[in-house]
Amino acid sequence: MGHTILPFTRQFKIELARFSQFKRGLLIAEDKLLFTDLWNRAEFHVPAAEIASHPLPIATILMMINLEQEKSIHKMQANLDGKAAQIEILQSKLEYKDLQIANLSDQITELDKYIEERLMTFREEMLAIKYEYAP
């Protein structure tokens with residue numbers, strides 16, 4: 001008779017215990033938190049690992065961790081793509097606003113010229129009135 005294979009949940013805990021020294025050796029507290037988070041997220045895939053029943057539990061665990069990292073990468077990529085789309089929309093709005101500003105600037109220049117012409121005409125009319133009625 002062959003020997004009994006431990007349930008993967010137990011194998012997972014054994015491997016985690018084997019890596020406890022590695023975790024303690026990490027110098028940065030954030031690294032320790034990330035290490036723990038990776039193992040915690042990988043634990044969600046234990047049912048799939050039970051079905052796979054790979055002879056090397058660590059290979060399965062590494063695949064579980066890799067899957068979680070891929071999910072994170074895809075989520076970040078989707079977020080990045082969304083931000084890129086928002087940037088494109090904002091850039092097109094900015095270009096439109098720049099065109100509006102240029103148009104308004106042209107209108108202001110035309111109004112300044114018109115006002116200056118009207119003022120000159122008004123001055124001339126006032127001078128004509130002043131000197132026409134002078135004694």
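The values are calculated or read from the model by the stated rules, or taken from the named source; none is laboratory data. Remember, predicted model here, so these are calculated numbers, not experimental data. Surface accessibility is based on the protein's heavy atoms, side chains included, excluding ligands, DNA and RNA. Shrake-Rupley method; radii C 1.70, N 1.55, O 1.52, S 1.80 Å.
Rounded, prolate or oblate for region 38-104? Axes are the square roots of the Cα gyration tensor eigenvalues, ordered a ≥ b ≥ c, and the cut-off for rounded is a/c under 1.5.
prolate
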How much mean residue ellipticity at 222 nm does the chain get from its helices, if each DSSP H run of length 4 or more adds -39500 (n - 2.57) and you divide by all residues, to the nearest 500 deg cm²/dmol?
-29500 deg cm²/dmol
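Leaving out ligands and nucleic acids, and using a 1.4 Å probe, what accessible area per residue does region 14-123 come to in Å²?
Heavy-atom accessible area per residue stands at 81 Å².
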Using θ = phi - 60° and the Karplus form 6.51 cos²θ - 1.76 cosθ + 1.60, what ³J(HN,Hα) does each residue of region 41-55 get, whole Hz, x for Gly and Pro?
5, 5, 4, 5, 9, 4, x, 5, 5, 4, 5, 5, 6, 5, x
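Going by the alpha-carbon gyration tensor, a ≥ b ≥ c the square roots of its eigenvalues, is region 63-135 rounded (a/c under 1.5) or, if a/c is not under 1.5, prolate (a/b greater than b/c) versus oblate? Intermediate results must be reported in sequence, preceding the final value.
On the way: a/c = 17.06, a/b = 9.71, b/c = 1.76.
Prolate is the answer for region 63-135, as a/c is 1.5 or above and a/b outweighs b/c.
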Where the accessible area of the chain is counted over protein heavy atoms with a 1.4 Å probe, how much of it, in %, is carbon and sulfur?
64
